[in-house]
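The values are calculated or read from the model by the stated rules, or taken from the named source; none is laboratory data. What you are looking at is a predicted structure, and each value in this text was computed from that prediction instead of being measured. Cβ coordinates were reconstructed from backbone atoms using ideal geometry, including for glycine residues, and neighbour counts include every protein chain displayed. Accessible surface is based on the protein model in full, side chains and every heavy atom, while ligands, DNA and RNA are left aside. Shrake-Rupley method; radii C 1.70, N 1.55, O 1.52, S 1.80 Å.
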Amino acid sequence: MPGPRMSRSRIALGATAALGVIALAAAGVATGSAQAAPAGSAAPAAAGTHRVLFDNTKAETAGNADWIISTSQPDPLGQDSTPNSETDWTGALSSWGVALQKAGGYSLATLPTGRTITYGSTSNAQDLSNFDTFVLTEPNVKLSAAEKTAVMTFVKNGGGLFLISDHDNSDRNNDGCDSPCVINDLLTSNGVDNTDPFGFSVDLLDISTDNPRAVSSGSDPVLHGPFGTVTGSILRDGTTFTLKPADNPNVKGLLYRAGSSGNSGAFFATSTFGSGRVAIWGDSSPVDDGTGQSGNTLYDGWNDPAGTDAALALNATAWLAGSGSGTPPTTPPTTSTGGTTGGGGNCTARQLLANPGFESGSSSWSASSGVINNDGSEAAHSGSYKAWLDGYGTATTDTLSQPVALPSGCAARFTFWLHVDTAETGSTAYDTLKAQVLNSSGTVLSTLATYTNLNAGSGYTQRSFDLSGYAGQNVTLKFTGTEGSKLQTSFVIDDTALTVG
């Protein structure tokens, strides 16, 4: 430490800048651009936190494709913790991701390239058991036998699966299998139910252009959902589906290409399997927002006036996650391999952090020298002690951390009270405080939030993050304060809690 606490100068600012609070992805957690939703269709905040995982392991960025919500993976908030427009995150699905983030009630993540789709693996923070919805946008690599079983078990036990196909012969990585091939293989050879479990198959067609229209239904939760009313979509080199209600009576066509109805020519369909829900779309163009990584040829279907594609994508996500009308999917129970998600397990409501208000000094916490103190020049939120990071007005890095074991199958929420004061002026972020989740090896799983001198204000504000996605894991909660070499910024933390139940 550069000097005694009493040498710190304190300037409490009355104005608080816009806060970069990050809703944690359910376990460690893709991209695009365009408006979050068409004018007039802004959605209300969803009830609860719905955990959505986007896949990037099946060549979703091969060729001209860019089917990710952000280049920051697994956690898109690492690119921008408070995105306001599609270009704040990078990828052709960024409009989709940003719209959900802005709506509130959603925790987003990406399964990065090189990883494996699992269900029930306690060593994988992006295990499907940690999520409510899994999005496969134009996969171009076949799922392995184990991955297909994982996906089907996830749905059977209550998960939501969003499949997006493209046209026949759309093999972007030239491995001999395109998205119709990948999806049909999942439906016919998955090790869980190979007898047309969802009641549909992908047609091997390349339809150059069409504007599919929605069926007449005043109550369907996808066509009339929290993000607006769906009237139609666009088809720009895509395909359709053949429905087989004899195999699954719950399959339903919601949009059809011109001249089609019934069991043929469906462009968007929904179904159920076990306790879970499924949706499938016949073209990737509608969710393409026209922006992404440099060098890709993209098309802005998200905002194409010929369809209401944003409302369709977002309503379907809400329905799959369980926030649409009707009975939500049940939460997957504990599997034989030990993976779980909310519900079940040893979930007696309780608080897990030791010495949460620092009244026992540094007991149970690892902290830089002098961080935990009862110095009266910076008041505690309650009691006498608090954790005071930085505030010296010289180059300083302070840390504060505590390991904790999260019980399997439990919902978990991390909260703390934070006060920031600073001598900095202007609109530049000079000093930072990061709140992070680390695994038992010290690898950062997610940055929950980054606060700066711009967040200064009078008094304390409580911050809250959903850590349910880490159920069954040993993690470390860590704060890192980094101060520049000139004016001081103090980050003061008190009354932490990690509650499960």
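Remarks
- Residue-level accessible surface for T461, protein heavy atoms, 1.4 Å, Å²: 60 Å²
- Cα gyration tensor category, rounded, prolate or oblate, for the stretch 170-278 with a/c compared to 1.5: oblate
- Expressed in Å, the radius of gyration and Dmax of the Cα atoms of the stretch 85-158 are 13.6, 38.
- Taking all protein chains together, I69, I372 sort by accessible area into I372, I69, largest first [probe 1.4 Å].
- 3J(HN,Hα) from dihedral phi, the stretch 154-164, Karplus parametrisation 6.51/-1.76/1.60, rounded to Hz, x for glycine, proline: 4, 5, 4, 8, x, x, x, 10, 10, 9, 10
- Cross-link pairs exceeding 26 Å in C-alpha to C-alpha distance, out of K156/K252; K386/K478; K102/K148, comprise K102/K148.
- Within the stretch 51-202: Cβ-based charge dipole about Cα centre, in debye rounded to nearest 20 (Lys, Arg +1; Asp, Glu -1): 380 debye
- Heavy-atom accessible surface of H381, to the nearest 10 Å², is about 70 Å², with a 1.4 Å probe and all protein chains retained.
- Rg(Cα)/(2.2 N^0.38 Å) for the stretch 446-501, N = residue count: 1.39
- Here the chain is assigned +1 on the Cβ of each Lys and Arg and -1 on the Cβ of each Asp and Glu. Its dipole about the Cα centre then comes out at about 1300 debye.
- Positive-end residue of L186, L314, S219, charge dipole of the stretch 158-317 with Cβ unit charges: S219
- The stretch 400-421-the stretch 297-321 distance, computed between alpha-carbon centres (Å): 35 Å
- When +1 charges are put on Lys and Arg Cβ atoms and -1 charges on Asp and Glu Cβ atoms, the dipole computed for the stretch 419-500 relative to its Cα centre reaches about 200 debye.
- With contributions of -39500 (n - 2.57) from each DSSP H run of at least four residues, the per-residue ellipticity at 222 nm computed over the chain stands at -2500 deg cm²/dmol.
- Ordering W388, W319 by accessible surface, largest first, gives W319, W388; the 1.4 Å probe counts only protein heavy atoms, with every chain in place.
- Annotation for the stretch 482-498 versus the stretch 355-396: alpha-carbon center distance of 9 Å.
- Computed accessible area, R236, all protein chains, 1.4 angstrom probe, square angstrom: 60 Å²
- Taking each residue as 0.36 nm, the span from A395 to S219 lengthens on full extension beyond its C-alpha to C-alpha distance by 57.4 nm.
- Cα-based Kirkwood hydrodynamic radius, the chain, one decimal, Å: 23.5 Å
- Centroid-to-centroid, using Cα positions, the stretch 148-212 and the stretch 254-294 are 11 Å apart.
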